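The values are calculated or read from the model by the stated rules, or taken from the named source; none is laboratory data. Because the structure is predicted, anything quoted here is derived from the model rather than measured. Heads up, the Cβs are rebuilt from the backbone with ideal geometry, glycines too, and the neighbour counts pull from every protein chain shown. Note: areas computed on protein heavy atoms with side chains; ligands, DNA, RNA excluded. Shrake-Rupley method; radii C 1.70, N 1.55, O 1.52, S 1.80 Å.
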Amino acid sequence: MSDQAPIRAGVAGFPIQHSLSPLIHREWLKRAGVDGRYDRIEIPPGYESFQQAADDLRRKGYAGLNVTLPHKENALRYADEADSTTSRAGAANTLVFSAAGVKAYNTDVSGFALSLKAAGAVVSEQSRALVLGAGGAARGVAAALSDLGCGSIMLANRTLEKAEAIAASIPSATTLAWDRRDAALGDIDILVNATSLGMSGERPLEISLSALPKSAVVADIVYTPLKTALLADAEQHGLQTMDGLSMLMHQAAPGFEMWFGEQPVVDDALRELLVTALNHRGPA
Ligand code: NDP
């Protein structure tokens, strides 16, 4: 028997009981045969409570954290260091603790980029994307599209000022009034819903996909329900789709590798596990 303590990490947020991250990481721990623990950690809103809880977890020897709502900005503020993508995104969802300090990453950015590629989307200087939303997730999506070399990124949001704030930090980004979203679809290659509309318990996203070119890809980062009304509509129109579960799995991988030292695999078996969990959960 090893006398080494298990490596510990977890996901911090509020509320946290519905997070799928423990399922993902515990499955990868099992597959890798690593002696590790991955916990759900509830931290009430506010920077001070985040700071106190994170200090405490570091004292207990945690290797790091995934961070979700409402603490992604707090996580970046707490860190000693962040890469340029994370600083540009203005929020972090992964922290790595070490004797040298705390390093912050935003793996929503790479997670979105990888899942878009997995859906068969080819992004180039000629690509034109329309991103709906200007919250934390939309910021990550816009940063990912920019990193992939997308030539034009339009941001439409109910509160235009928030879209303008994101566009100001992303060279190829412009903004669009929320009620102009249907009219803009005619020459869009990539449509992304990064609002919370369409999520179980939220209002539906109202948009008509009729004008989208047949070659367009429609991505929805909402994953409850897994097949949102937007994705169902896109399928009806014969369009390629990307769902939020794909992004969720891909965003989890870098943290696992940094804390537990093994490169995990995103595959159909993992997806099935998550789909089963979502199906058992029922409507939110
Ligand atoms: P935020 O609360 O930061 O942003 C919510 C966005 O939705 C804002 O743009 C907001 O507009 C818009 N919105 C909300 N209600 C309405 C409405 N009635 N009409 C028009 N727009 C509306 O949330 P996040 O950005 O963190 O998350 C957004 C979604 O993405 C969530 O469903 C979340 O679960 C999902 N997500 C998925 C991930 C994945 O891995 N698949 C990762 C991260 C998030 P306004 O600014 O005007 O309020």
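Going through segment 1-22 one residue at a time, which ones are closer than 18 Å to L69 by Cβ and not polar (S, T, N, Q)?
Within segment 1-22, G10, V11, A12, G13, F14, P15, I16, H18, L20, P22 meet the criteria.
Of all residues in segment 120-145, how many are over 12 Å from the mean Cα position of the chain (by Cα) and within 13 Å of the ligand (Cβ to nearest atom)?
4
From the list V102, V109, V123, V96, which one is among the hydrophobic types (A, V, I, L, M, F, W, C), closer than 11 Å to I190 by Cβ and either open to solvent by less than 40 Å² (accessible area, probe 1.4 Å) or not in a loop (DSSP other than H, G, I, E, B) (or both)?
Exactly one residue qualifies, and that residue is V123.
What number goes with the only condition from (1) within 17 Å of L185 (Cβ to Cβ); (2) more than 13 Å from the ligand (Cβ to nearest atom); (3) at pLDDT 95 or above that G149 does not pass?
Among (1) within 17 Å of L185 (Cβ to Cβ); (2) more than 13 Å from the ligand (Cβ to nearest atom); (3) at pLDDT 95 or above, G149 violates only (1).
From the list L155, L191, which residue is free of Cβ contacts under 8 Å to residues at least 40 places away in the same chain, open to solvent by less than 10 Å² (accessible area, probe 1.4 Å), within 30 Å of V11 (Cα to Cα) and of a type in the set (A, V, I, L, M)?
L155
Just name the residue that is nearest to the ligand (Cβ to nearest atom) out of those in segment 223-275 that are open to solvent by 40 Å² or more (accessible area, probe 1.4 Å), among the small types (G, A, S) and within 15 Å of R26 (Cα to Cα).
A269
Kindly establish whether S215 is in contact (Cβ under 8 Å) with a residue 24 or more places away in the chain, over 23 Å from G149 (Cβ atoms) and not in a helix (DSSP H, G or I).
No; evaluated as a whole, the condition is false for this residue.
When you go through (1) of a type outside the set (S, T, N, Q); (2) open to solvent by 60 Å² or more (accessible area, probe 1.4 Å); (3) touching a helix residue (DSSP H, G or I) at 6+ places or on another chain (Cβ under 9 Å); (4) assigned to a loop (DSSP other than H, G, I, E, B) one by one for P15, which number turns out not to apply?
(3)
Among the residues of segment 181-200 satisfying the criterion of being near the ligand (Cβ under 10 Å from one of its atoms) and small (G, A, S), which is farthest from M242 (Cα to Cα)?
My answer is S200.
From the list A63, A32, A82, which residue is closer than 24 Å to R139 by Cβ and not assigned by TED's automatic domain parsing to the domain that holds I166?
Residue meeting the stated conditions: A82.
Quick one: L145 ticks every box in (1) among the aliphatic types (A, V, I, L, M); (2) part of a helix (DSSP H, G or I); (3) in contact with a Ser or Thr (Cβ under 6 Å, 6 or more places away or on another chain) except a single one, so which number is it?
Among (1) among the aliphatic types (A, V, I, L, M); (2) part of a helix (DSSP H, G or I); (3) in contact with a Ser or Thr (Cβ under 6 Å, 6 or more places away or on another chain), the lone unmet condition for L145 is (3).
Assess whether D220 counts as being under 30 Å from A9 (Cα atoms) and surrounded by 14 or more Cβ atoms within 10 Å (Cβ to Cβ).
yes
Can you run down the residue pairs with Cβ atoms below 7 Å, 6 or more apart or on separate chains, where the first is in segment 99-122 and among the aromatic types (F, W, Y) and the partner is within 14 Å of the ligand (Cβ to nearest atom) and in a helix (DSSP H, G or I)?
Final answer for the pair search is Y105/P254; F112/G140; F112/V141; F112/A144; F112/M247.
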